[in-house]
Structure formats: structure tokens, C-alpha cells
Amino acid sequence: MNDFSRLTVGVLALQGDFEAHLRQVALVGARGVAIRLPQQLAEISALIIPGGESTTMNLLIDRFGLREPLMMFGHSKPIWGTCAGMIMLSSTIEDNQSGVQPLGLLDISVRRNGYGRQVFSFEEPVQVRINEIETTVTATFIRAPLIMSYGQGVQPLATYQRTPVLVRQNYVMASSFHTELDDDTTLLRLFLSNFLLGSPVRG
Ligand code: GLN
């Protein structure tokens, strides 16, 4: 088990389920910071963009002056986006009638609510493979984005129904699903240990 006690991990706290992520950050022993101001990005070594509603998050990112700072952060430090966070990290949103402007940090094209509007939420075990480590996590899909296509630089780390649901490109990771709703911190530990501590080890 890695020691995460020296890490300061930010969670974008404009909207959505940021509290669940902050709770998991505390569970693994790292210091969590609720990020609302651009200058707070200087004190963290990794950022999580939570699930929520990407249309609202998009508006608030501009209102809080966070768009450029988030893009700069993503070019040099690890970011993990879950669900709406994945939508924000993407480069293209299909049928984009909502006006959400993605940050373009991850070369994927997504469809919002791509698993069907009628399916509000479901849970599935998915197999994650990252730096030779294989493990299973319980993935909760809540009006999740569907990855329609991805660029060559993007590596799928988990698939569900033959579609990637967890991907990485350099130090940006995104999951269509949630794992922060219970006490299973497996994916958070994998993110911190493989993206931040740089060691390909089980978190
Ligand atoms: N459907 C939401 C959106 O499009 C995402 C849902 C979620 O984050 N759980 O922004």
C-alpha cells in the first residue's frame, strides 16, 4: 500500500459530486482541497473533475475564470475526470446542442447520456488494466457519456460492452463511470500511484 499522506489532491468543487471524491481522498490518507479559484491549482499535485452536469460545470468554469488555468494544469499535472468530468476533458462532444465547450485535454469524442436516457443508473464489474496491474472495480454508470471514438494517443484501460469506459492519454485519465460513491478506493489509489507517484504498482 502506497503512502499518499504527502499528496495534496484537488477536486473541482463548482458543482456535482465533489464531496464523494473528497471523502475518498481523505480515506486514502491524502490531503484534499475543494478547488473553486484558479490560484488554488498551484497548491495541488493532481486534480479530479467530478461527475455532475456538464452544462452547469461548463458555465461555472467560465464564471470562476478557470478555463485557461485548467487547460494549463492539464498540460503538466495529472487530471482524472469522471462522467461529466470526462465530458469536460474530451476534445469533441457529438450532437453538441448544449453548448458545452470541452477543455480538449483528451483526444476522445463522447456522446452525452450515450447509454440511453431511459437507463438512469446501473452497476457493472469492469476489469481495469493499468501498467501491467489488473484489478476489478464496481463501476456505477449514471447517465454516463459513451466514448464514440478516440485518437491514437489514447489508451483504453477498461472496456464495457467492447467500448472503452476508462482511458488515459499521458497524465490525463477519464472514466465514464463512478467509483467514488462507496468506500472502495481502488481506482483512486491506482490513479495516484500510477499517474502521480510514477510507480507502476498496485495502489
Ligand atoms: N449526463 C451528465 C452530463 O451530460 C453526466 C452525468 C454524470 O456526471 N453522472 O453532464
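When you filter the GluC sites (Glu not before Pro) in the stretch 127-203 for DSSP loop state and at most 13 other Cβ atoms inside 10 Å of their Cβ, you are left with Glu132.
Report the rotationally averaged projected area of the stretch 1-66 based on its alpha-carbon convex hull, in square nanometres. Could the numbers behind the result be given before it?
Values: hull surface 16.9 nm².
Hull-based average projected area comes out at 4.2 nm².
Sort 183-191, 159-167 by packing, meaning the average of other beta carbons within 10 Å per residue, with the highest value first. Walk me through the numbers on the way to the answer.
Details: 183-191: 20.0, 159-167: 17.7.
Top of the packing list down: 183-191, 159-167.
For the chain, pairs of C-alpha atoms spaced more than 23 angstrom apart make up 37 percent of the total. Dividing the convex hull volume of the alpha carbon atoms of the stretch 24-99 by its residue count gives 93 Å³ per residue. Using only side-chain charges placed at the Cβ, +1 for Lys and Arg and -1 for Asp and Glu, the dipole size of the chain relative to its Cα centre rounds to 260 debye.
Throughout, read-outs are computed from the coordinates displayed, never taken from laboratory work. This structure is a prediction, so every number in the text was calculated from the model and none was measured. Note: ideal-geometry Cβ built from the backbone for every residue, glycine included; neighbour counts use all protein chains shown.
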